[in-house]
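Visitor: Provided herewith is a single structure, encoded as structure tokens, for subsequent inquiry.
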Amino acid sequence: MTVCTQSARVDRHFEGAISPEDERAMREHLPTCAACHARYERWLLLSKLDPEALPAERRIARGLGLDRRPLPRILPVGAVTLLAAAAALLFWVRAGSETTGFTARGATSAAPSARVFVYDVRPGEPAVLATGNVGKRDELAFAYENGAAKNRLMILGVDEHRHVYWFYPAWTSEAEDPVAVPIESDGRRHELPEAVRHQFDGTQLEVRAIFLDAPLAVREVEALVHEHPAGPLPIPGAVESSVSFTVSP
């Protein structure tokens, strides 16, 4: 089996011991290296089989440098035998799944696998998966799974006053009109590199993620948000999801 000199980064990712710089380098390297991609998939399967493995949320947060809590028991470094067993099981699962006859069809089948995960980053505390409530001055970080194989992503927040807060792409100057950011189309979970802080104005915040193929600009999307405040925006071919939070002082 071919072993890439960068495979150690894959191991450290699943051990929760990788730096944000190496995590970013690993993510950029994976699409170009079949050996590391296969190793990542074997670790991913092994982490699902081991009940004491790091949850995906903590792996992502540690890769972002947002979780510095002491680690629980981790998967053993260089677990060659276990990885080999995972490789065999992975082959069996894939071979078996090819004979089931089930095929996803249409946007409704693809939509659940295109999703964004929101992490709440509070001052002096580890990042946690946001559920229900976020602070008015908290930073929010994001990861995504692009099972719909779209080319680009936009993430924005809308409060009850219809004020729009942009997370991706960043929009910091009225003279600019940035477009949806390019993303990976492999379906794995990827973190976005920055945590973003806004001064939220309202008490309710809907975070909306739009997976799409065209480089749509933020001004176009803001106009659509004001025309269609409820429900998915009428963007052809787009997959949209949303999650609502209460904003605390």
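Visitor: Residue pairs, Cβ under 7 Å, 6 or more apart or interchain, first in region 228-249 and farther than 22 Å from residue 216 by Cα, second in a loop (DSSP other than H, G, I, E, B) and not basic (Lys, Arg). List them.
Guide: Going by the 7 Å Cβ cut-off, the qualifying pairs are 245/130; 245/132; 246/132; 246/203; 247/200; 247/202; 247/203.
Visitor: Pick out the one residue from 34, 53, 85, 79 that is over 10 Å from residue 15 (Cα atoms) and at pLDDT 75 or above. Break it down stepwise before answering.
Guide: Values: 53 fails: over 10 Å from residue 15 (Cα atoms); 85 fails: at pLDDT 75 or above; 79 fails: at pLDDT 75 or above.
Going through 34, 53, 85, 79 in turn, the sole match is 34.
Visitor: Can you name every residue in region 14-62 that is closer than 25 Å to residue 194 by Cβ, without any contact (Cβ under 8 Å) to a residue 24 or more places away in the chain and not in a helix (DSSP H, G or I)?
Guide: Of everything in region 14-62, just one residue is closer than 25 Å to residue 194 by Cβ, without any contact (Cβ under 8 Å) to a residue 24 or more places away in the chain and not in a helix (DSSP H, G or I), namely 55.
Visitor: Quick one: in region 215-249, of everything that is small (Gly, Ala, Ser) and farther than 19 Å from residue 142 by Cβ, which residue is surrounded by the fewest Cβ atoms within 10 Å (Cβ to Cβ)?
Guide: First, the residues of region 215-249 that are small (Gly, Ala, Ser): 217, 223, 230-231, 237-238, 241-242, 244, 248.
Checking which are farther than 19 Å from residue 142 by Cβ leaves us with 217, 223, 230-231, 237, 248.
Numbers: 217: 17, 223: 12, 230: 5, 231: 8, 237: 11, 248: 13.
Looking at the filtered set, the residue picked out is 230.
Visitor: Follow-up question, since we're still on this one. Could you say whether any residue in region 184-204 is charged (D, E, K, R), in contact with an Asp or Glu (Cβ under 7 Å, 6 or more places away or on another chain) and not in a loop (DSSP other than H, G, I, E, B)?
Guide: Scanning region 184-204, I find at least one residue that is charged (D, E, K, R), in contact with an Asp or Glu (Cβ under 7 Å, 6 or more places away or on another chain) and not in a loop (DSSP other than H, G, I, E, B), so the answer is yes.
Visitor: Now a separate question. Being touching a Ser or Thr at 6+ places or on another chain (Cβ under 8 Å), within 24 Å of residue 24 (Cα to Cα) and touching a residue at least 40 places away in the same chain (Cβ under 8 Å) narrows it down to one residue among 141, 195, 209; which is it?
Guide: Values: 141 fails: touching a Ser or Thr at 6+ places or on another chain (Cβ under 8 Å); 195 fails: touching a Ser or Thr at 6+ places or on another chain (Cβ under 8 Å).
Selected residue: 209, the only one of 141, 195, 209 that is touching a Ser or Thr at 6+ places or on another chain (Cβ under 8 Å), within 24 Å of residue 24 (Cα to Cα) and touching a residue at least 40 places away in the same chain (Cβ under 8 Å).
Visitor: Examine region 227-239 for a residue that is charged (D, E, K, R), assigned by TED's automatic domain parsing to the domain that holds residue 116 and not in a strand (DSSP E or B), and state whether such a residue exists. Steps first, please.
Guide: Going residue by residue through region 227-239, those that are charged (D, E, K, R) are 227.
Add one more test, that the residue is assigned by TED's automatic domain parsing to the domain that holds residue 116, and what stays is 227.
From the residues that got through so far, the ones that are not in a strand (DSSP E or B) too are 227.
Looking for residues that are charged (D, E, K, R), assigned by TED's automatic domain parsing to the domain that holds residue 116 and not in a strand (DSSP E or B), one finds at least one in region 227-239, hence yes.
Visitor: Only residues that are basic (Lys, Arg) and out of contact with any strand residue (DSSP E or B) (no Cβ under 7 Å at 6 or more places or on another chain): list them for region 206-246, please. Even if it seems obvious, please write down each step before you answer.
Guide: Here is the first cut: in region 206-246, the residues basic (Lys, Arg) are 208, 219.
Correct list: 219 only.
Visitor: I've got another one for you. Hey, could you check region 157-188 for residues that are touching a residue at least 60 places away in the same chain (Cβ under 8 Å) and farther than 26 Å from residue 58 by Cβ and say which is surrounded by the fewest Cβ atoms within 10 Å (Cβ to Cβ)?
Guide: Of the residues in region 157-188, the ones touching a residue at least 60 places away in the same chain (Cβ under 8 Å) are 158-159, 162, 164, 184, 186-188.
Restricting the remaining residues to those that are farther than 26 Å from residue 58 by Cβ gives 158-159, 162, 164.
Numbers: 158: 21, 159: 17, 162: 11, 164: 16.
Across region 157-188, the extreme among qualifying residues is 162.
Visitor: Regarding residue 149, is this residue under 23 Å from the mean Cα position of the chain (by Cα) and either outside any strand (DSSP E or B) or not assigned by TED's automatic domain parsing to the domain that holds residue 133 (or both)? Can you show your working first?
Guide: Values: under 23 Å from the mean Cα position of the chain (by Cα): yes; either outside any strand (DSSP E or B) or not assigned by TED's automatic domain parsing to the domain that holds residue 133 (or both): yes.
So residue 149 fits the description; yes.
Visitor: Identify, from the list 52, 41, the residue that is surrounded by fewer than 18 Cβ atoms within 10 Å (Cβ to Cβ) and within 19 Å of residue 186 (Cβ to Cβ). Give the steps one after another, and end with the answer.
Guide: Details: 52 fails: within 19 Å of residue 186 (Cβ to Cβ).
One residue alone meets the criteria, 41.
The values are calculated or read from the model by the stated rules, or taken from the named source; none is laboratory data. Quantities reported herein were computed from a predicted structural model and do not represent experimental measurements. Reconstructed Cβ throughout: ideal geometry from the backbone, glycine too, with neighbour counts over all protein chains shown.
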